[in-house]
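A short write-up of the structure that comes next.
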Amino acid sequence: MIIETWFIDVGGVILLPNSAYWDTLKERYQAPETVESLFYGVESPWAECRTGIINRQTYNERMARQLNMEVEALEALRWQSEWIRNDALVSWIRTHRHQPRRVVAVSNADDWLERQLEHFGVGDLFDTVINSWRVGAAKPDRAIYERALEAARTVPDRCLFIDDRESNLVTASELGMHTLLYTTFSDFLHQVTEFVN
C-alpha cells in the first residue's frame with residue numbers, strides 16, 4: 001500500500017477540547033450544562049460560520065449575546081483556553097513527517113484557523129490547509145474532500161484521512177480513501193501501523 005498524503009483534522013485531533021474552558025463558562029458565566037451544543041450543535045450559528053457565511057467575529061457576537069457576556073471576554077477565553085495541543089500526536093507526526101509526500105489539514109473551522117495553527121506551534125506540520133470557512137463547504141460535504149484531493153494533487157486510494165468523527169470518515173471512504181478514526185493517541189498508534197513503514 002502506497003500512502004502519499006495524510007489528511008488530518010485539526011479540532012479533536014491536532015487540537016483537543018479543553019474541559020476547563022467549558023467549566024469556566026458554566027461556573028463563571030452561568031452557562032447552561034448544554035453549552036457545548038449551544039456553540040457547536042446543529043441549531044447553533046456554527047453551521048454558518050464554518051462554511052464562510054459569517055466570520056468568527058459575528059459568531060462570537062451571537063454567542064456572547066446568548067451567554068450575556070461581553071464579546072471581548074468570550075473571544076479572550078476562547079483564544080486562551082478552548083483548545084489544547086495534542087503534544088503526543090504532534091510529536092509523532094514530526095517524527096514520521098517524511099513518510100508521506102504531503103500532510104494536509106482538512107478542518108471545519110472559522111477564518112482564524114491558520115492563525116490558531118501558528119499560535120499552537122503546529123502550522124509547520126502541514127503542506128496545505130483546507131479550511132471549510134474558505135472552501136464554503138464543511139465535512140462531510142463531498143466538496144471539501146474534492147478540494148483537498150485537488151490541492152494535494154493525488155488520488156483517493158493513496159490517501160489516509162484521519163478524523164475524530166465517524167460521519168466525516170464516511171465520505172472519505174466513499175471516495176476511496178483509507179480512513180482512521182482518532183479516539184486516543186494509544187489507539188491511534190495501534191491503528192496507524194498498517195499505514196507507515
Toy charge model, Lys and Arg Cβ at +1, Asp and Glu Cβ at -1: the chain dipole around Cα centroid in debye, rounded to 20, equals 400
Between [x] 53, 42, 32; [y] 48, 32, 27; [z] 53, 31, 26, the structure-derived Cα extents along the principal axes in Å is [z]
Nothing charged except the Cβ atoms of Lys and Arg (+1) and of Asp and Glu (-1): what's the magnitude of the dipole of segment 19-81 about its Cα centre? Round to the nearest 20 debye. 120
So which chymotrypsin sites (Phe, Trp or Tyr not before Pro) in segment 9-53 are both in a DSSP loop and have at most 16 other Cβ atoms within 10 Å of their Cβ? Y29
If packing is taken as the average number of other Cβ atoms within 10 Å across a peptide's residues, how do 7-13, 126-132 rank, most packed first? 7-13, 126-132
For T179, the residues 5 or more places away or on another chain with a placed amide H closer than 5 Å to its own amide H are F161
With an 8 Å cut-off on Cα pairs and a minimum separation of 6 or more residues, tell me the relative contact order of segment 19-81 in percent. 29
So what's the angle, to the nearest 10 degrees on a 0 to 90 scale, between helix 19-28 and the longest Cα principal axis of the chain? 10
Assign one of three labels to segment 90-197, namely rounded, prolate or oblate, based on the Cα gyration tensor with a ≥ b ≥ c the square roots of its eigenvalues; rounded applies when a/c is under 1.5, prolate when it is not and a/b is larger than b/c, and oblate otherwise. rounded
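Bear in mind these aren't lab numbers, they're just calculated from the coordinates by the rules spelled out. Note that the structure is a prediction, hence the values are computed from the model and not measured. Reconstructed Cβ throughout: ideal geometry from the backbone, glycine too, with neighbour counts over all protein chains shown.
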